[in-house]
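Computed from the coordinates by the stated procedures, all read-outs in this text should not be read as laboratory data. All values derive from a computational prediction rather than experimental measurement. Here the Cβ positions follow ideal geometry from the backbone for every residue, glycine too, while neighbour counts run over all protein chains shown.
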Amino acid sequence: MTRLVMKFGGTSMADLERIRRAARLVAAEFDAGHRVAVVVSAMAGKTNELVAWTDGAGKAQKRPENENASNVTPVEGDDEYDVVVASGEQVTAGLLAMTLRNMGYDAITMMGWQVPIITSDVHGKARILDIPPAKLETALDAGQIVVVPGFQGVTESGRITTLGRGGSDTSAVAVAAAVKAIRCDIYTDVDGVYTTDPRIESKARRLPKISFEEMLEMASLGAKVLQTRSVELAMAQRVPVRVLSSFVEPGQATDQGTIVCDEEEIVEKHIVSGVAFSRDEAKITLLGLPNKVGISALVFGKLAQANINVDMIVQSEKRSGDYANQIFTVGRRDAQTAIDIMRDGKDEIGFDDIRLDDTVSKISIVGVGMRSHTGVAETMFRALSEKGINIQVISTSEIKVSVLIDEAYTELAVRALHAAYGLDKIGA
Ligand code: ADP
Ligand code: ASP
Ligand code: MG
C-alpha cells in the first residue's frame, strides 16, 4: 500500500470546523487506500501569541548590565523558547486525532520527541538531522492514521526544539522522505503556488507545475507559501510536493493545486515564472571605507561571527581612489545588531560613517528560462523606471534578478513586473 503525507497549515487548523474539514480530507485519502501520516500546524495566530509571551518573559529576566543589545542572548536561542512555542502544534495534533477517532478511524498522535524527529540543538531554528522511521512505519502498516505536530523536534540529548517560522512544511517533507511516501500534500489557504502572492496581485495565476529550483528561489526570496528548507529537503530527497487548498470537500480538488517537481517534467516553460518580494530587509551603508586588501573579509567576518546573514553587497570606489562606500543588506531583525557590531569595530575597520535604512524591500523575478534568454533584466529595469521606481541595489543569479527599492513601492513594483512578463496571461 502506498504511503501519503498530508500537511495542514495554520488557517486549515484555525478552529474545530476547519479541523473537521481537514479530518474529512484525511479520511478520504485513507479510504482511497493510502496509509496516511498527517503533519499539522498550530491554529492560525497561535504561534505569534506564544512568541510574544516568550518575548515578555525573556525581557523580564534580562539583568540591567545585559541591556546592551550585542550582549543579550536572543530569546530564540533560549531552549525554553522552543518548549513554549512548540506547544501550539500539540493541541491541533490531538484535536485532529480525536476528530478522526470520532469518525471511526484509528488515529494516533506522535509528538516530535516520540517519533523521534531528531534535530540539531540550534534552538528556535533547528535543522532536522534524522527521523528513524520504525515507529511511524509500524503504526502506518497497522492501519493507523498517524498525526504528527509540525515545527517541533528533539535534540540527541532530549531537549525540545523548533524549526523556525513556517517549519511545519519542513516537518512534513522530512516525514514523507522518512516513510518513503509517494507524495507530500501541503494543504493551505490558497489552491497552489501562484505567479506572485495573490494577496498583493489579484491577477496572479496558479502555476500547475513549478520546478524545485524555481520554488526554492521563490521561497527564499519571500514567497512564504512554503518554507525554504522544506523545498531544499524535497529537492535533495526527491519528494514530490503538491500545494493545494484545504478549503474544499473531499473529491473537489483532485485536479487542482501545484506540483513541485523536476524541471524536465514541465512542458509549458516560462522565461519568468514568478515575482517574489520581501519586506524583511535592511540596508546598511559604510561610508569612507579604506579601499585595501582584506577589508571585506574583516567587515563580513565580524557579521558572520554573530551568525548574521548578509544578502546583497555592492562596493563603489570614491573618485579619489583610496576610499570606497560599501552597501549591504541584512534581515531587518538583525539590523541593529549589525550596526552595533560595526560601531564596535569602527577603529579597526576604519570607516567614516555608517547609515541604516530599514524602509527598503526586495523584489525578485524568478525563472529557469533566464538561463537561455537575454534581455530579461532589462525588461525588469525598464518596467520599474516607467513607474518612477528607483533601484538602489541589484543582485542576480542564474535564475533570478533581485532589486532593492523603497518599501513604499512594493505593491506597485510587484504588479508592474507581473504585467511586464505577461504573468497575468499564463494558462489563459
Ligand atoms: P499555512 O498556514 O497553510 O502554512 P502560509 O500563510 O504559510 O500558510 O502560506 C500561504 C500564504 O502564502 C498564502 O495565503 C499567500 O498569501 C502566501 N503567498 C506568498 N506568495 C505566494 C505565491 N507565490 N503563491 C501562493 N501563495 C503565496
Ligand atoms: N506554527 C508555526 C509557525 O507559525 C509553524 C508553521 O505553521 O509552519 O511558524
Ligand atoms: Mg506556512
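Below is a table of values for the structure above.
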item	result
Long-range lysine pairs (8 or more apart or interchain), region 3-189, Cα under 30 Å	13
Rounded tilt (10° steps) of 410-420 against the dominant C-alpha axis of the chain	80
GluC sites (Glu not before Pro) lying in DSSP loop within region 227-295, provided at most 14 other Cβ fall within 10 Å	Glu268
Placed amide H near Arg183: partners under 5 Å, 5+ positions off or other chain	Val5
Whichever lysines have a C-alpha closer than 20 Å to that of Lys387, once near sequence neighbours (fewer than 8 apart) are set aside	Lys203, Lys362
Cα centroid of region 16-45 to Cα centroid of region 215-257, whole Å	16
Phi to ³J(HN,Hα) by Karplus 6.51 cos²θ - 1.76 cosθ + 1.60 over region 216-233, Hz, x for Gly, Pro	4, 5, 4, 5, 6, 8, x, 6, 7, 4, 9, 5, 3, 4, 5, 6, 4, 5
For Asp130, residues with placed amide H under 5 Å, excluding near neighbours	Ile118
Region 3-189 - share of DSSP beta bridges that are antiparallel (%, nearest 5)	20
Rounded to 5, the percent of DSSP beta bridges in the chain classed as antiparallel	65
Neighbour net charge for Leu356 - beta-carbon separation under 12 angstrom, K R +1, D E -1	-2
Gain on full stretching of the segment that runs from Asp262 to Ile182 - 0.36 nm per residue minus C-alpha separation	27.3 nm
Cβ-based net charge around Ala236, under 15 Å, with every Lys or Arg adding one and every Asp or Glu removing one	-1
Local electrostatic count at Tyr323 - Lys and Arg +1, Asp and Glu -1, tallied over other residues with Cβ under 9 Å	-2
Additional length obtainable on full extension of the chain from Lys346 to Asp55, 0.36 nm per residue less Cα span	101.7 nm
Rg and Dmax [Cα atoms of the chain; Å; Rg one decimal, Dmax integer]	23.2, 79
Between 0 and 90°, nearest 10: helix 87-102 axis offset from the chain longest Cα axis	20
